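Working notes for the structure below.
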Amino acid sequence: MSVYVDELFKCGGISPKWPYDEACHMTADSVDELHAFAAKLGLKREWFQQGRILPHYDLTRKKRAQAVRLGAVEVTGREMVQLMRRQTNGTL
């Protein structure tokens, strides 16, 4: 089982709830694993985004670095799309 973070992307001003200039997504092979890892990062459960395609948390640059230190696997945006497809098809 793994937790994944994709590359940081520019997102400044997309929402008053997200005042940061950049972000990335964090997902995992299972939602339970994702929540457990998010708790290690000090993320609130209310920040979880179920989404239709990819259950995830958004991370700031600092939280992404912390996630990687704790063992998250860094993936490209393209690899994150592949993970989304696998989750949608139920093959994760």
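Note on residue 21/residue 47: beta-carbon distance plugged into 1/(1 + (r/R0)^6) with R0 of 25 Å gives a FRET efficiency of 0.90.
Rg/Rh, computed from the Cα trace of the range 3-88 with Rh as the Kirkwood radius, has the value 0.93. Per-residue 3J(HN,Hα) values for the range 28-35, derived from phi via the Karplus relation 6.51 cos²θ - 1.76 cosθ + 1.60 with θ = phi - 60°, read 8, 5, 9, 5, 4, 5, 4, 5 Hz in sequence order (x marks Gly and Pro). Residues whose amide H comes within less than 5 Å of that of residue 73, counting only those at least five positions distant or on another chain, are 3, 4, 5 (H built at 1.01 Å from N in the peptide plane). Remark: spin-label model distance residue 30-residue 62 equals 3.2 nm, labels positioned 7 Å along the Cα→Cβ axis.
Taking 14 Å as the straight-line reach from the Cα of residue 17, the aspartates and glutamates in range (excluding those fewer than 8 positions away in the same chain) are 46, 58.
Helical content alone sets the calculated 222 nm signal of the chain at -10000 deg cm²/dmol, taking -39,500 (n - 2.57) per DSSP H segment of four or more residues and averaging over every residue. Modelled spin labels at residue 1 and residue 39, positioned 7 Å past Cα toward Cβ, are 1.1 nm from each other.
Each value in this text was obtained by applying a stated rule to the coordinates, not by laboratory testing. On a predicted model such as this, the values are computed, not experimentally measured, just so you know. Cβ sites come from the backbone with ideal geometry, for glycine too, and all protein chains shown count toward neighbours.
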